[in-house]
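Below is one structure, written out as structure tokens; comments come after it.
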Amino acid sequence: MNLTQLQIGIYLSTQLTVKNLDGEGSFDYTVGLHTYFKVKDIHTTLVNQLVLSGQEQLHFLDNMQKRQAFVTNDRAPVSFSGEFDRIFLDTSNNIQILQEGGGESPVVVEKSFKDAVIWNPWAEKAISIADLGDNEWKEFVCVEAVQFQPAVVLQKGQEWKAGQFIYLAKE
């Protein structure tokens, strides 16, 4: 990850390393960093810059429709008006979390993972989540840095690393 553009601010850096120590052979896996971000109001939250530069389309799997695959040309930010659970494939390495109308610094997630999950359970599902208060769904969005498709395959002795760097951007 190139982090030289960050000059000032508070940040969180997370790196995951997986090494195949098995003497027998290879294994494959998918992985994600399940990160919750506090937002002022999910109704006015936007997740922006998912599409890789130079790409026209965005591919995603909708977890609410049994991981059915979709392709869209829509480059608009993701907004929320109900339960949302999608795996976005081959995404940008710099995703922004914004509030409509501004007033708060955007959160930037720089990631070396290939994909991203965006999730919010909304009111009905939040009730069934034991460690989530009934109204807390309004104040968070989950933006996960993930490696989903293709799965990582590690041969004997190989190592794989990926990370994320989260910070508040200047408006």
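Summary of values
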| item | result |
| --- | --- |
| Segment 36-91, accessible surface, carbon-and-sulfur percent (1.4 angstrom probe) | 46 percent |
| Per-residue HN-Hα couplings for segment 14-28 [Karplus 6.51, -1.76, 1.60; θ = phi - 60°; Hz; x = Gly/Pro] | 10, 10, 10, 10, 10, 10, 7, 9, 5, x, 8, x, 9, 8, 10 |
| In sequence order, calculated HN-Hα J values of segment 159-170 (Karplus, 6.51, -1.76, 1.60; Hz; x Gly/Pro) | 10, 10, 10, 8, x, 9, 10, 10, 8, 8, 8, 6 |
| Residues with amide H under 5 Å from that of Phe113, placed H, sequence gap 5 or more | Gly163 |
| Ranked by how many other beta carbons lie within 10 Å on average, peptides 152-162, 83-93 from highest | 83-93, 152-162 |
| The chain: calculated mean residue ellipticity at 222 nm from DSSP helix runs of at least 4, using -39500 (n - 2.57) | -500 deg cm²/dmol |
| Accessible area, probe 1.4 Å, largest first, for residues Lys38, Lys114 | Lys38, Lys114 |
| For Val51, distant residues with modelled amide H under 5 Å away | Ser92 |
| Total lysine pairs whose alpha carbons fall under 17 Å of each other in the chain (8 or more apart, or interchain) | 8 |
| Prolate/oblate/rounded label for segment 120-171 (Cα gyration tensor, a/c 1.5) | oblate |
| Accessible surface of segment 92-171 [probe 1.4 Å, protein heavy atoms]: carbon and sulfur percent | 48 percent |
| Accessible solvent surface per residue of the chain, calculated while the other protein chains remain in place, 1.4 angstrom probe, Å² | 58 Å² |
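The values are calculated or read from the model by the stated rules, or taken from the named source; none is laboratory data. Predicted, not measured: the structure shown is a model, and the values here were computed from it. Methodologically, a virtual Cβ is constructed for each residue, glycine included, from the backbone with ideal geometry; neighbour enumeration extends over all protein chains shown. Side chains are part of the model used for accessible areas, which takes the heavy atoms of the whole protein and leaves out ligands, DNA and RNA. Shrake-Rupley method; radii C 1.70, N 1.55, O 1.52, S 1.80 Å.
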